[in-house]
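Below: the structure, in structure tokens.
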Amino acid sequence: MNVSTALPGWQLDACALGKAYRTGRLTPLQVLDAHLERLELVHPVINAMAWVDTGGARRSAAESTARWHRGQPLSALDGVPVTVKDNIELAGLPCRWGSRLYVDHVSALDESPVARLRAAGAVFLGKTAVPEFTLQGYTDSPVTGVTRNPWDPALTPGGSSGGAVAALAAGVGVLALATDGGGSIRRPAGHTGLYGFKPGWNVVPREQGLPEILPGMEVIGPIARSARDLPLVMAVIGAASAGAWPAANAPPPCQRIAYWRDIAGSPVDAEVLARCDASAQALRELGHTVEDMPAPVEVKTFNREAWPIISSTGLAHLLRDQAHAARDVGPALAAMLFSGQAWRATELFEAQAVVRRLIRALTGVFRAHDLVLTPCSAALPWPAADSHPAVIAGKPVDGRGHAVFTAFANAAGLPALALPAGRARHLPVGVQLVGPSDSDSLLLSLALQWEREATGSTRDWPLWP
């Protein structure tokens, strides 16, 4: 028997499941049962799910089992268990966005990437937990409470896709569908040892979703335990105009990579930097050119001057017709709401000008280099109930001190990829690769090369029973 198919059904990636389904070694119903059993074991510890749809998942798995029995699967993802972040509409299920203000909201329709996955035969386990309105870098909400990192339940998995990564890293779901508006896929993926992909702007079309809160910045993308699963998802949810996605055996051309170890002197945990330095050397050994260089000052300016305005005015716009919203949201969101209401139109205009200057600076970076390498996060995971680490590398930081490396890619609409980079002590560390527009497929090729040649395809599991 193939070693991979001898593993429990919850440990297999989508590619291995497809082979097991084709040969009849497993059925989607058997795999669903394995995931539900795993969920029962780990959920009391990590609190990753906002809603579990056991009945709907069983119906979908039974339909998929019948299709595989007939030899007529809908796609390579037919029968694959998937979780959906709780700010993405999944028809018939609550979509509460981590807020009491949305506690009664039930989705009438699938958001378009969900609809494409459903048409491809995916089995939806349910919704994953988020912080309120997905605007914080850890995962705690008035609706679901604190979500914990399966590598150390005392610590956070990050946010806002904390439920998505915690469930996936613990063996619940084969793939997670999530959003990234400022690093919400990449930082949590890094904190849990996963592959996370933020597509470029309009690569994954979105329709029938919740109101925009970060216009022009938030996209939907996949998180996976295996890099080889990412192209399978993108082939389903990506726009036809995005072109072909890479094959597992297609090595990417050698790249010129700019390595940013910090953002204008921002503090970074020494153990995070050590893993990132090792990743830079691994990329060199794969044939790529990696050059240490400073990040453009425009990245720092965006982080300090534009991001606070853009994120808080988005919340103020969302809640503009709810007179008592500040009373019904948590304290952190109430403070953000008051800030958003206080900004003037001229300040928002200047924030948009900062974004334009950032885009020009990044265009210059990509004239000299093909990609940018950074840590996913400046910090290792911190206590699960804390919104952010107060100190990094001995220096006090604010709520975005850990998040300095990610939001610039959202502002510029660039594709970006989180890669597992080993562990510091017992905790995973992730590195990020950012490319210019239309480099989505290239980034996935690099993920495949990284998994195949730099890290290997084996993995350790947290919360081993």
Of all the residues that make up segment 87-146, how many are under 19 Å from Leu319 (Cα atoms), assigned to a strand (DSSP E or B) and of a type in the set (Ser, Thr, Tyr)?
1
Are there any pairs with C-beta distances below 9 angstrom linking a residue in segment 45-60 that is more than 20 Å from Ile88 (Cα to Cα) to a residue that is open to solvent by 60 Å² or more (accessible area, probe 1.4 Å) and assigned to a loop (DSSP other than H, G, I, E, B), with the two at least 6 apart or on different chains, and if so which?
Val45/Arg148; Ile46/Arg148
So, of the residues in segment 418-460 that are polar (S, T, N, Q) and open to solvent by less than 30 Å² (accessible area, probe 1.4 Å), which turns out to be nearest to Cys376 (Cα to Cα)?
Gln432
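Mind counting the residues in segment 274-303 that are aliphatic (A, V, I, L, M), part of a helix (DSSP H, G or I) and closer than 16 Å to Ile257 by Cβ?
Taking segment 274-303 first, the residues aliphatic (A, V, I, L, M) are 274, 278, 280, 282-283, 286, 290, 293, 295, 297, 299.
Checking which are part of a helix (DSSP H, G or I) leaves us with 274, 278, 280, 282-283, 297, 299.
So of that shortlist, the ones also closer than 16 Å to Ile257 by Cβ come out as 278, 280, 282-283.
Number of matching residues: 4.
How about segment 45-60: which of its residues are within 15 Å of Thr128 (Cα to Cα) and open to solvent by 30 Å² or more (accessible area, probe 1.4 Å)?
Narrowing segment 45-60 to residues within 15 Å of Thr128 (Cα to Cα): 45-54, 57.
Once the filter is applied, which keeps residues that are within 15 Å of Thr128 (Cα to Cα) and open to solvent by 30 Å² or more (accessible area, probe 1.4 Å), segment 45-60 yields Val45, Asn47, Trp51, Val52, Asp53, Thr54.
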When residues of segment 335-351 are limited to those that are of a type in the set (Gly, Ala, Ser) and without any contact (Cβ under 8 Å) to a residue 12 or more places away in the chain, the one surrounded by the most Cβ atoms within 10 Å (Cβ to Cβ):
Ala335
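Looking at Glu63, Glu37 in this structure, which one is among the acidic types (Asp, Glu), in contact with a Phe, Trp or Tyr (Cβ under 9 Å, 6 or more places away or on another chain) and either outside any helix (DSSP H, G or I) or open to solvent by 10 Å² or more (accessible area, probe 1.4 Å) (or both)? Even if it seems obvious, please write down each step before you answer.
On the way: Glu63 fails: in contact with a Phe, Trp or Tyr (Cβ under 9 Å, 6 or more places away or on another chain).
Step by step, each of Glu63, Glu37 is checked, and only Glu37 is among the acidic types (Asp, Glu), in contact with a Phe, Trp or Tyr (Cβ under 9 Å, 6 or more places away or on another chain) and either outside any helix (DSSP H, G or I) or open to solvent by 10 Å² or more (accessible area, probe 1.4 Å) (or both).
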Condition test on Arg356, is it at pLDDT below 95, loosely packed, with under 15 Cβ neighbours inside 10 Å and not hydroxyl-bearing (Ser, Thr, Tyr)?
no
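Hey, among the residues in segment 248-270 that are under 22 Å from the mean Cα position of the chain (by Cα) and not β-branched (Val, Ile, Thr), which one's farthest from Ala361 (Cα to Cα)?
The first filter runs over segment 248-270 and keeps only residues under 22 Å from the mean Cα position of the chain (by Cα), leaving 248, 259-263, 268-269.
Narrowing the set further to residues that are not β-branched (Val, Ile, Thr) leaves 248, 259-262, 269.
Working: Ala248: 33, Tyr259: 16, Trp260: 14, Arg261: 18, Asp262: 17, Asp269: 26 Å.
Checking each candidate, the answer is Ala248.
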Single match in Arg320, Arg367 (criterion: part of a helix (DSSP H, G or I) and without any contact (Cβ under 8 Å) to a residue 24 or more places away in the chain):
Arg367
Subset of segment 99-123 (residues that are crowded, with 24+ Cβ neighbours inside 10 Å and of a type in the set (A, V, I, L, M, F, W, C))
Val114, Leu117, Ala122, Val123
For the list (1) more than 17 Å from the chain's Cα centre (by Cα); (2) open to solvent by 10 Å² or more (accessible area, probe 1.4 Å); (3) farther than 20 Å from Gly98 by Cβ, I need the number of the one condition that Gly145 fails.
(3)
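Would you say Ala390 is at pLDDT 95 or above, open to solvent by 40 Å² or more (accessible area, probe 1.4 Å) and in contact with a strand residue (DSSP E or B) (Cβ under 7 Å, 6 or more places away or on another chain)?
So Ala390 passes the test.
Restricting attention to segment 305-334, which residues are open to solvent by 70 Å² or more (accessible area, probe 1.4 Å) and touching a helix residue (DSSP H, G or I) at 6+ places or on another chain (Cβ under 9 Å)? Quick ask: steps written out before the conclusion?
Start the filter on segment 305-334 by keeping residues that are open to solvent by 70 Å² or more (accessible area, probe 1.4 Å), which leaves 305, 317, 320-324, 327, 331.
Those that are open to solvent by 70 Å² or more (accessible area, probe 1.4 Å) and touching a helix residue (DSSP H, G or I) at 6+ places or on another chain (Cβ under 9 Å): Glu305, His317, Arg320, Gln322, Arg327.
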Residue list for segment 179-196, filter: within 14 Å of Ser311 (Cβ to Cβ), outside any strand (DSSP E or B) and within 8 Å of the chain's Cα centre (by Cα):
Gly183, Ser184
Of all residues making up segment 203-240, the number that are at positive phi and modelled with pLDDT of 95 or more
1
Every pair of residues 6+ apart whose Cβ atoms lie under 8 Å, when the first sits in segment 370-399 and is over 10 Å from Val268 (Cβ atoms) and among the aromatic types (Phe, Trp, Tyr) while the second is part of a loop (DSSP other than H, G, I, E, B) and open to solvent by less than 10 Å² (accessible area, probe 1.4 Å):
Trp382/Thr156
Has segment 182-195 got any residue that is under 14 Å from Thr83 (Cα atoms) and crowded, with 24+ Cβ neighbours inside 10 Å?
yes
What are the residue pairs meeting all of these: first residue in segment 131-150, first residue without any contact (Cβ under 8 Å) to a residue 40 or more places away in the chain, second residue charged (D, E, K, R), Cβ atoms under 8 Å, and 6 or more apart or on different chains?
Pro131/Asp140
Would you please name the residue that is farthest from Leu419 (Cα to Cα), looking only at residues in segment 236-245 that are open to solvent by 20 Å² or more (accessible area, probe 1.4 Å) and touching a Leu at 6+ places or on another chain (Cβ under 9 Å)?
Val236
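The values are calculated or read from the model by the stated rules, or taken from the named source; none is laboratory data. All values reported here derive from a predicted model rather than from experimental measurement. Counting neighbours? That spans all protein chains shown, and the Cβs are built from the backbone with ideal geometry, glycine included. Ligands, DNA and RNA are excluded from the accessible area calculation, which covers all protein heavy atoms including side chains. Shrake-Rupley method; radii C 1.70, N 1.55, O 1.52, S 1.80 Å.
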